[in-house]
1. Quick test of your reading of the structure: ASP148 fulfils all but one of (1) surrounded by 19 or more Cβ atoms within 10 Å (Cβ to Cβ); (2) in contact with a Ser or Thr (Cβ under 8 Å, 6 or more places away or on another chain). Name the failing condition by number.
2. Can you pull out every residue in segment 28-67 that is of a type in the set (A, V, I, L, M) and touching a residue at least 60 places away in the same chain (Cβ under 8 Å)?
3. What's the number of the only condition in (1) more than 20 Å from GLN142 (Cβ to Cβ); (2) assigned to a strand (DSSP E or B) that TYR93 fails to meet?
4. Give just the number: which of (1) surrounded by 14 or more Cβ atoms within 10 Å (Cβ to Cβ); (2) out of contact with any Cys (no Cβ under 7 Å at 6 or more places or on another chain); (3) not polar (S, T, N, Q) does VAL48 not satisfy?
5. Just to be sure I understand, how many residues within segment 16-40 are farther than 20 Å from LEU158 by Cα and surrounded by fewer than 16 Cβ atoms within 10 Å (Cβ to Cβ)?
6. Given the conditions (1) β-branched (Val, Ile, Thr); (2) without any contact (Cβ under 8 Å) to a residue 40 or more places away in the chain; (3) surrounded by fewer than 22 Cβ atoms within 10 Å (Cβ to Cβ); (4) closer than 23 Å to GLY125 by Cβ, and given that VAL92 satisfies all but one, which numbered condition is not satisfied?
7. Checking LEU13 against (1) within 20 Å of ALA154 (Cβ to Cβ); (2) surrounded by 22 or more Cβ atoms within 10 Å (Cβ to Cβ); (3) of a type in the set (A, V, I, L, M), which single condition isn't satisfied?
8. Test each condition in (1) surrounded by 21 or more Cβ atoms within 10 Å (Cβ to Cβ); (2) modelled with pLDDT under 95 for GLU43 and report the one that comes out false.
Amino acid sequence: MLDLLPELCDEYLDELTVFPPIFRQFGGQSVFYGPVMTLRCPEDNSLVRRWVSQPGEGRVLLVDGGGGDRRALLGDNLAKLAMDNGWSGIVVYGYVRDAATLATLPLGIQALGAMPVKTDKRGLGEEGVEVEIQGRVIKPGQYLYADDNGVVVADRALPLPLA
């Protein structure tokens, strides 16, 4: 299904938190979904590396970089690790790099934009925390759904439309 979100919004809008339309598609897999794991790590992707190196089990990694545009929190090497370890996708409230390579990977990736500068590795950040993106609160364990129409979260796994 290429347009999952319109179908989910038509059927379950009262159960969804709809993200603002600020994210762009970067991965080669445009439709992705799964339980959310959250990270907060402005300008430091040490935690991103740690989590994508672990079994993803179909989850979606939500990286709250505070919307900062000075450093990329995800690049091709970490995206390949995520793909190899079974993550469904990654949403970055911040920036990514290696955009052309990311587009070739069968992994869902959405972010605010591209920035060629890598992060410092200082081991900073928080994991498994409630994050807020422009007034929308996301908690670990919620279910995130994404496609070319945007990003939404729900408190439970929703039945996927047949198509």
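1. (1)
2. The answer is VAL31, VAL36, MET37, LEU39, LEU47, VAL60, LEU62.
3. That leaves (1) as the condition not met.
4. (2)
5. 4
6. Result: VAL92 passes all but (3).
7. (2)
8. Condition not satisfied by GLU43: (1).
The values are calculated or read from the model by the stated rules, or taken from the named source; none is laboratory data. Just so we're clear, the structure is a prediction, and the values are computed from it rather than from any experiment. Counting neighbours? That spans all protein chains shown, and the Cβs are built from the backbone with ideal geometry, glycine included.
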